Amino acid sequence: MRHDDNLCVSYRAKLDGDFLVVKATIEPGWHTFAMDNKRRAEEKLAGRKSLGIDHPTEIALSGGLEAAGPWQQTAPKDFSKPDLRWFSWGFEKQALFVVKVRRSGTAAARLAIRGQACTETTCKNIDVSLWVPAGPGKGPEPSGISLKDLIPVR
């Protein structure tokens, strides 16, 4: 995803065992938002109005894969400014989004990723698609990733 010809965030996805792993690489000065950003903000606001809620990261699967469990994500950083009634959580540099999947055939899967990337002064909507070959599984755990390092999406 680019803003004024500058890369702000890139995504890579792969099947790893029974899991789909989506890695966001966020360029310096930019940040993106947690999958549960809206829910977290609503909990903090407790019914009060907000000056704005940043768009959460959303990942939709179609084609040869479907989610077979809850999403997990890197623990997000708290970007909130409570004195402004603005609550937001997200990521700088890198984030992982992981979900156990069920394969339905051998067709490639399409991922639709939506969200927002921001700097201190500007935001860019994210709307990208990735294709992932629905190859055979390798095992019950994603290699090289400790699920203990991730948190459940609320």
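From the list 105, 115, 64, the lone residue that is under 16 Å from residue 26 (Cβ atoms), touching a residue at least 40 places away in the same chain (Cβ under 8 Å) and small (Gly, Ala, Ser) is 115. Please work out which residue is most open to solvent (accessible area, probe 1.4 Å), limiting yourself to the stretch 86-97 and to residues that are modelled with pLDDT of 95 or more and in a strand (DSSP E or B). Looking at the filtered set, the residue picked out is 94. Applying the selection to the stretch 25-49, what residues are more than 15 Å from residue 89 (Cα to Cα) and either open to solvent by less than 10 Å² (accessible area, probe 1.4 Å) or not basic (Lys, Arg) (or both)? Matches in the stretch 25-49: 25, 27, 28, 29, 46, 47. Checked against the criterion of being surrounded by fewer than 18 Cβ atoms within 10 Å (Cβ to Cβ), free of Cβ contacts under 8 Å to residues at least 12 places away in the same chain and more than 17 Å from the chain's Cα centre (by Cα), the candidates 83, 78 yield just one match: 83.
When the residues of the stretch 4-24 are filtered to those that are part of a loop (DSSP other than H, G, I, E, B) and touching a strand residue (DSSP E or B) at 6+ places or on another chain (Cβ under 6 Å), the one that is most open to solvent (accessible area, probe 1.4 Å) is 18.
Within the stretch 50-67, if we keep just the residues that are modelled with pLDDT of 95 or more and not in a strand (DSSP E or B), the residue that is most open to solvent (accessible area, probe 1.4 Å) turns out to be 56. When we screen 134, 117 for residues that are modelled with pLDDT of 95 or more, surrounded by 12 or more Cβ atoms within 10 Å (Cβ to Cβ) and touching a Lys or Arg at 6+ places or on another chain (Cβ under 6 Å), the only hit is 117.
The values are calculated or read from the model by the stated rules, or taken from the named source; none is laboratory data. Bear in mind that the values here come from a model prediction, so they are computed numbers and not experimental data. All Cβ positions, even for glycine, are placed from backbone atoms using ideal geometry, and neighbour counts span all protein chains on display. Protein only, heavy atoms only, side chains kept; ligands, DNA and RNA dropped before computing areas. Shrake-Rupley method; radii C 1.70, N 1.55, O 1.52, S 1.80 Å.
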